[in-house]
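Student: One structure, pasted below without further comment.
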Amino acid sequence: MSLTYNREMLEEAREAYDRWNREVEETFEKHPERLKRFSTVSDMEIQRIYTPADVQDQDFNRDIGAPGQYPFTRGVQPTMYRGRLWTMRMFAGLGSAGDTNTRFHHLVKAGQTGLSTAFDMPTLMGYDTDSPRARGECGKCGVAIDTVRDMEDLFEGLPINRITTSMTINPPAPVIWGMYIAMAELRGIDRRKLGGTIQNDMLKEFIAQKTFMCPPKPSLRLITDTVEFGTKEVPRWNTISISGYHIREAGSTAVQELAFTLGDGIAYVEAALNRGLDVDDFAPRLSFFFNSHLDFFEETAKFRAARRMWARIMEERFHAKNQRSLWLRFHTQTAGCSLTAQQPYNNIVRTALQALAAVMGGTQSLHTNSLDEVLAIPTEEAATIALRTQQIIAEECGAANSIDPLGGSYMVEALTDRLEDEAFEIINKIDDMGGMLSAIEKNFPQQEIADAAYRYQQQIDRKEKTVVGVNKYANDEESLPVEILQIDEELERLQIERTVRIRNDRDNQKTRECLEKLEEACVEGHNVMPPIIEAAKAYATLQEMCDVFRKVFGEYRDPGIY
Amino acid sequence: MERNRRIRVMVAKPGLDGHDRGARIIARAFRDAGFEVVYSGLHQTPEEIVHAAIQEDVDMIGLSSLAGAHLYLFPAVVDSLKENDAGDIQVIGGGIIPEEDIPKLKAAGIREIFTPGSTLEDIVEWVRGNVNPKTS
Amino acid sequence: MTSTTETVDKVISGDVRAVARVIRDIDDGIPEVRDVLKALYPHTGRAYVIGVTGAPGVGKSTLVDQMIAHLRAKDKSLGILAVDPTSPFSGGAILGDRVRMQRHSMDEGVYIRSMATRGHFGGLTQSTRSAIDVLDAMGKDIIIVETVGVGQDEVDVVRSAHTTVICVIPGMGDDIQAIKAGILEVGDIFLINKADREGSDKTMSDLRLMIDMDQKKHEGGTWRPPILKAQAVFDQGVAELLDEIDKHAEYLVSVYGNLRFRSRKDKVREELSEMVKNRLIEAVMAGITGSGEFEDTVEAIVRGELDPYTASDNLILPKLALNDTG
């Protein structure tokens, strides 16, 4: 036992705060409190003040420790930002591979330290640009990738053997990763040198982001293939980014974001163990991705709770031996859903505060949204301001001078405890349902999120929650104008031409054989990654490979939970 | 004798965009306002939406797009309605739509666009004021 | 305004918009639609009607979606009515069953229509029966009516079906007791969906017991409702279900000689009493609510001036030109 606070001090504190409370109550009798209710954006009620009494049972060794020590509440690495700042990794993707490549170069020049790729809807859903389902969507919300040629253009001139690349891709993740590896090898780079992340988290697709292709069970099998392949062949790669960002964007509370994300993590670990992998072989390469939302303290506490929860889960539930298996490493993105179209320059402020919370929470990597995110793909200027936001936090305001600066704050520690407790309650519920896959089949997380989203919207409409510039401090005059990025309409036609040309010029016999090998791997249960890489080098397109998955595993359709 | 018809609307997600938070919330708001709401689900082509809307005899289709393809998809729905002799079904839209695209969409036949920040009440009131359930 | 004849011709020729509008008129209680229904009547009696009912979440829509695929492969034309509950608070409804059948929305041989229970006088039963008649007249070979089988109204609807399929999922346990009220009695076929879940064998034996005890519908007949297992989402058990429906159709023919409900006295009696009841209510209620009499009477009762028994006599009897000794 190593209680943080001694009993004597707690007694003294209790007396002092009782006195304070009486005085406060007297004042509020005459002049009521500023609001009827003080709550976070997730509607968690917040006390007037947090005191030692709120953390009186905290046990230093069990609950806090030092950075790099179990349960890692204060950080996973011992040196945290004193050794190295978080990776500044700006999510980018627009139009053609060439256009995005230009944006990548600009961001690297401006000081970002990692690459992050946004793909367009057809690519995200596993369709080529000339598919009838892709009409009107080429390049609109990210970069269009049909073949390994596009991948080559995308990373032209970038030192991918030295810089890490994150790719936000889900159902077609094995194919996109295969194209990336193929591209690197065509450049003469050894796959063992490649570092980066593929999001590759299908469970949260069924729950929240809803880019679908195959049903849950085969999706899990494909993910396990990538985990297995990465463990053996691409050891510096994070083959999965277990995500809460989208769950939060879909309208969940902070507690739900925690619970469903870690619940997904548990399901992935179980799947890999069922495959016969040793937990310590793959767990160190599991990574996470969280949202950083409006409430500064709730978010900071959430990140700390996440680290502690995962460490406990990996040790107590999965008996991992390697310390690194217990580390929850995460990327953070500031909350897109909190930004407004009205008075868009306010968004710079929102993003800054959300970024600061992520830093207070010890994120390994961070993307900051641009002010025009609500209107279109960011302009170069807007993306630069977002990057500068991170740089100012890192170098001017002292936030990164000391590790876990908010540790020990009565409020932050109390909220960390509370978020952990409430999240574990939900995880236990999911366990009772038979695990995350089961819970998804029963539409449990989807329904919870839909309910939370509706409640929140009603609170906004009733002005119980304020959105500055929208339901308060709105102005009727025109906001300061913001220039928006336009995607050239010609792009779709050019991309289609390019892809068709590639299909005609390639050795179609070879491509066909590669696709047949891929189908065989799917059916026989062999790892799909090797045949994918071969097919990519033979210029098989994204959709051609995804169609093999669709054929063998079937297609998943939206069940329409509202 | 004139009877009070109940407003019937369709809430639809055209294209590949999977962001359905807004569409689902609107569907609930419409239900709470007393409308009958047919929800299309995700990943619908304009033709699928129109075929469904005709079978369901809805008065209005509400389209939601957060992935930037509205300039193609929304007018495609309006055009498909016309081709199928159902031009009397009104179309409104919402989502991530820049101000400068709104005149283009209206010129293409979309009656109104609701950008982020519109309250549910705004949208419901617009429907009540502008959508006439079919008279026989 | 289209004339009755034009509308009728369009419906018979399969014009989707015309059919959709007629069903809307039925839903909204437009008086003129009665003429259309009268004119369509001679064209009804061909379609085979299947009722699919069960608690929310058992997978009915997914099952119907698969049934559609199988039946279309056999070249049958289909009409689907998917019924969802109206919110008692707002009067509105979210009709979401269609989502699970959307892959058929471009198939000209399938007509899918979502309906809300609405709960006004006349309610679900009559609207759905009339909608079935319209789809029948439209020329559909098979009509599937999907309802949430928890209320008496929904139980009545399945009386319009040739074959009623009751869907459950494993582990429903006490819920089966709960749905017993009328539902088990009307089932011709029982289907345990999501049969891979825990408890499916127990659910089967529980059901078997309850059905054998409770089947008044099939008393005297030789049809013993089969209990099937399925996983609709994986298209397992659907072909078997359709086979059993075929068998049931043959059984009906062997007992009644044909499949025309309206050639059977018991069915006609049922339908006529329902229609007479609804017509009466419609005719009388319109007068009472329209003139404000109803609200005035409500206020009188609230003020303590009147008891509801006397009040209702006062409202109705004069309209029927009866007195209570008559």
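Student: Considering each residue of region C:221-242, count those that are surrounded by 12 or more Cβ atoms within 10 Å (Cβ to Cβ) and more than 28 Å from A:Tyr556 (Cβ to Cβ), and give that number.
Tutor: Within region C:221-242, the first condition is being surrounded by 12 or more Cβ atoms within 10 Å (Cβ to Cβ), and the residues that meet it are C:221, C:223, C:225-242.
Next, from what is left, pick out any that are more than 28 Å from A:Tyr556 (Cβ to Cβ): C:221, C:223, C:225-227.
Residues meeting the conditions: 5.
Student: While we're here: How about region B:82-97: which of its residues are within 11 Å of another protein chain (Cβ to nearest Cβ), surrounded by 19 or more Cβ atoms within 10 Å (Cβ to Cβ) and either charged (D, E, K, R) or without any contact (Cβ under 8 Å) to a residue 40 or more places away in the chain (or both)?
Tutor: Listed by number, the residues that qualify are B:Ala86, B:Ile89, B:Ile96, B:Ile97.
Student: Could you name every one of the helices (runs of 4 or more DSSP H) located completely within region A:244-287 that has at least 1 residues being within 14 Å of chain B (Cβ to nearest Cβ) and at pLDDT 95 or above? So that I can check it myself, show each step before the final result.
Tutor: On the way: elements: A:245-249, A:254-275, A:279-282.
The qualifying helices (runs of 4 or more DSSP H) are A:245-249, A:254-275.
Each row is one residue, and each column tells you yes or no for (1) under 22 Å from B:Arg5 (Cα atoms); (2) of a type in the set (A, V, I, L, M).
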site: B:Leu63; (1), (2): no, yes
site: B:Ala67; (1), (2): no, yes
site: B:Lys82; (1), (2): no, no
site: B:Ile89; (1), (2): yes, yes
site: B:Glu99; (1), (2): no, no
site: B:Ser118; (1), (2): no, no
site: B:Asp122; (1), (2): yes, no
site: B:Gly129; (1), (2): yes, no
site: B:Pro133; (1), (2): yes, no
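Student: Scan region B:26-39 for residues that are facing another protein chain (nearest Cβ under 7 Å) and in contact with a helix residue (DSSP H, G or I) (Cβ under 6 Å, 6 or more places away or on another chain) and report the count. Explain how you work it out, then say what you get.
Tutor: Filtering region B:26-39 down to residues facing another protein chain (nearest Cβ under 7 Å) leaves B:27-28, B:30-39.
Filter once more, so that each one left must be in contact with a helix residue (DSSP H, G or I) (Cβ under 6 Å, 6 or more places away or on another chain): B:28, B:33, B:37-39.
Going through region B:26-39 one residue at a time, the tally reaches 5.
Residues are listed down the side, and each one gets a yes or a no for (1) more than 14 Å from every other protein chain (Cβ to nearest Cβ); (2) among the β-branched types (Val, Ile, Thr); (3) touching a Cys at 6+ places or on another chain (Cβ under 6 Å):
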residue	(1), (2), (3)
A:Gln458	no, no, no
A:Ile484	no, yes, no
A:Asn508	yes, no, no
A:Cys514	yes, no, no
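Student: Let me ask something else about it. Kindly state which helices (runs of 4 or more DSSP H) lie completely within region C:1-106 and contain at least 2 residues that are touching an Asp or Glu at 6+ places or on another chain (Cβ under 7 Å), within 14 Å of chain A (Cβ to nearest Cβ) and within 18 Å of C:Arg129 (Cβ to Cβ).
Tutor: Hits in region C:1-106: none.
Student: When you look at A:Gln447, is it within 13 Å of another protein chain (Cβ to nearest Cβ), within 25 Å of the chain's Cα centre (by Cα) and part of a helix (DSSP H, G or I), yes or no?
Tutor: Spelling it out, A:Gln447 is indeed within 13 Å of another protein chain (Cβ to nearest Cβ), within 25 Å of the chain's Cα centre (by Cα) and part of a helix (DSSP H, G or I).
Student: Let me ask you something else. Can you tell me which of (1) closer than 21 Å to A:Tyr562 by Cβ; (2) at the interface with another protein chain (Cβ under 7 Å from one of its Cβ atoms) is the one B:Gly68 doesn't meet?
Tutor: In the conditions (1) closer than 21 Å to A:Tyr562 by Cβ; (2) at the interface with another protein chain (Cβ under 7 Å from one of its Cβ atoms), B:Gly68 misses (1) alone.
Student: Still on this structure, please answer the following. Name the residues in region B:46-65 that are in contact (Cβ under 8 Å) with a residue 24 or more places away in the chain and facing another protein chain (nearest Cβ under 7 Å), would you? Please lay out each step first, then the result.
Tutor: Just the residues of region B:46-65 that are in contact (Cβ under 8 Å) with a residue 24 or more places away in the chain, to begin with: B:46-47, B:49-54, B:56-65.
Hits for region B:46-65 are B:Glu47, B:His51, B:Ala52, B:Ile54, B:Glu56, B:Asp57.
Student: Let me ask another. Quick one: which residue in C:Val33, C:Val11 is surrounded by 15 or more Cβ atoms within 10 Å (Cβ to Cβ) and modelled with pLDDT of 95 or more?
Tutor: Values: C:Val33 fails: modelled with pLDDT of 95 or more.
Just a single option satisfies the conditions, and that option is C:Val11.
Student: Between a first residue in region A:501-512 that is at pLDDT 95 or above and a second residue that is in a helix (DSSP H, G or I) and among the hydroxyl-bearing types (Ser, Thr, Tyr), which pairs have beta carbons less than 9 Å apart while being 6 or more apart in sequence or on different chains?
Tutor: Correct list of pairs: A:Arg503/A:Thr511.
Student: When you check A:Glu380 against the structure, is it at pLDDT below 95 and touching a His at 6+ places or on another chain (Cβ under 7 Å), yes or no? Reasoning before the result, please.
Tutor: Working: at pLDDT below 95: yes; touching a His at 6+ places or on another chain (Cβ under 7 Å): yes.
Yes, satisfied.
Student: Looking only at region A:404-412, decide whether some residue is of a type outside the set (Gly, Ala, Ser), out of contact with any Asp or Glu (no Cβ under 6 Å at 6 or more places or on another chain) and not in a loop (DSSP other than H, G, I, E, B). I'd like the intermediate steps shown before the answer.
Tutor: Residues of region A:404-412 that are of a type outside the set (Gly, Ala, Ser), as a first pass: A:404-406, A:410-412.
Now narrow it down to the ones that are out of contact with any Asp or Glu (no Cβ under 6 Å at 6 or more places or on another chain): A:404-406, A:411-412.
Adding the requirement that they be not in a loop (DSSP other than H, G, I, E, B) leaves A:411-412.
Yes, region A:404-412 has at least one match.
Student: Any residue at all in region A:142-161 that's within 14 Å of chain B (Cβ to nearest Cβ), in contact with a helix residue (DSSP H, G or I) (Cβ under 6 Å, 6 or more places away or on another chain) and either among the acidic types (Asp, Glu) or farther than 13 Å from A:Lys537 by Cβ (or both)? Write out each step before concluding.
Tutor: Let us first name the residues in region A:142-161 that are within 14 Å of chain B (Cβ to nearest Cβ), namely A:142-144.
From what is left, the residues that are in contact with a helix residue (DSSP H, G or I) (Cβ under 6 Å, 6 or more places away or on another chain) are A:143-144.
From what is left, the residues that are either among the acidic types (Asp, Glu) or farther than 13 Å from A:Lys537 by Cβ (or both) are A:143-144.
Checking region A:142-161: at least one residue is within 14 Å of chain B (Cβ to nearest Cβ), in contact with a helix residue (DSSP H, G or I) (Cβ under 6 Å, 6 or more places away or on another chain) and either among the acidic types (Asp, Glu) or farther than 13 Å from A:Lys537 by Cβ (or both).
Student: Can you tell me how many residues in region C:125-179 are at pLDDT below 85, part of a loop (DSSP other than H, G, I, E, B) and surrounded by fewer than 24 Cβ atoms within 10 Å (Cβ to Cβ)?
Tutor: 5
Student: Right, something else. What tally of residues in region A:363-384 results from selecting those that are closer than 10 Å to A:Leu485 by Cα and either of a type outside the set (Gly, Ala, Ser) or more than 14 Å from every other protein chain (Cβ to nearest Cβ) (or both)?
Tutor: Residues that pass the stated criteria total 6.
Student: I've got another one for you. Looking at A:Ala352, A:Ala358, which is the one that is within 21 Å of the chain's Cα centre (by Cα), under 22 Å from A:Gly251 (Cβ atoms) and at pLDDT 95 or above? If you could, list the steps in order and put the result at the bottom.
Tutor: Values: A:Ala352 fails: under 22 Å from A:Gly251 (Cβ atoms).
Going through A:Ala352, A:Ala358 in turn, just one is within 21 Å of the chain's Cα centre (by Cα), under 22 Å from A:Gly251 (Cβ atoms) and at pLDDT 95 or above: A:Ala358.
Student: Can I ask one more? When region A:176-193 is examined, which residues are found to be more than 18 Å from the chain's Cα centre (by Cα) and closer than 19 Å to A:Lys232 by Cβ?
Tutor: A:Gly178, A:Tyr180, A:Ile181, A:Ala182, A:Ala184, A:Glu185, A:Ile189, A:Asp190, A:Arg191, A:Arg192, A:Lys193
Student: Now, a different point. Just the residues that are more than 23 Å from A:Asp278 (Cα to Cα), in contact with a Phe, Trp or Tyr (Cβ under 7 Å, 6 or more places away or on another chain) and in a helix (DSSP H, G or I), please, taken from region A:307-354.
Tutor: Going through region A:307-354, the residues more than 23 Å from A:Asp278 (Cα to Cα) turn out to be A:331-354.
Checking which are in contact with a Phe, Trp or Tyr (Cβ under 7 Å, 6 or more places away or on another chain) leaves us with A:331-333, A:353.
Hit for region A:307-354 is A:Leu353, nothing else.
Student: Can you say whether C:Thr53 is in contact with a helix residue (DSSP H, G or I) (Cβ under 7 Å, 6 or more places away or on another chain), at pLDDT below 90, surrounded by 21 or more Cβ atoms within 10 Å (Cβ to Cβ) and not aromatic (Phe, Trp, Tyr), as far as the supplied structure shows? Don't jump to the end; show me each part of the working.
Tutor: Values: in contact with a helix residue (DSSP H, G or I) (Cβ under 7 Å, 6 or more places away or on another chain): yes; at pLDDT below 90: yes; surrounded by 21 or more Cβ atoms within 10 Å (Cβ to Cβ): yes; not aromatic (Phe, Trp, Tyr): yes.
Yes; evaluated as a whole, the condition is true for this residue.
Student: Would you please name the residue that is nearest to the other protein chains (Cβ to nearest Cβ), looking only at residues in region A:99-135 that are polar (S, T, N, Q) and under 20 Å from the mean Cα position of the chain (by Cα)?
Tutor: To start, the set of residues in region A:99-135 that are polar (S, T, N, Q) comprises A:100-102, A:112-113, A:116-117, A:123, A:129, A:131.
Next cut, under 20 Å from the mean Cα position of the chain (by Cα) only: A:112-113, A:116-117, A:123.
Values: A:Gln112: 23, A:Thr113: 28, A:Ser116: 18, A:Thr117: 16, A:Thr123: 10 Å.
This residue is A:Thr123.
Student: Give the residues of region A:273-311 that are under 21 Å from the mean Cα position of the chain (by Cα) and among the charged types (D, E, K, R), sorted by residue number. Spell out how you get there, then give the answer.
Tutor: Just the residues of region A:273-311 that are under 21 Å from the mean Cα position of the chain (by Cα), to begin with: A:282-311.
Matches in region A:273-311: A:Arg285, A:Asp295, A:Glu298, A:Glu299, A:Lys302, A:Arg304, A:Arg307, A:Arg308.
The values are calculated or read from the model by the stated rules, or taken from the named source; none is laboratory data. Small disclaimer: the values here were computed from a predicted structure and weren't measured. For neighbour counting, all protein chains shown are included, and Cβ atoms are generated from backbone atoms with ideal geometry for every residue, glycine included.
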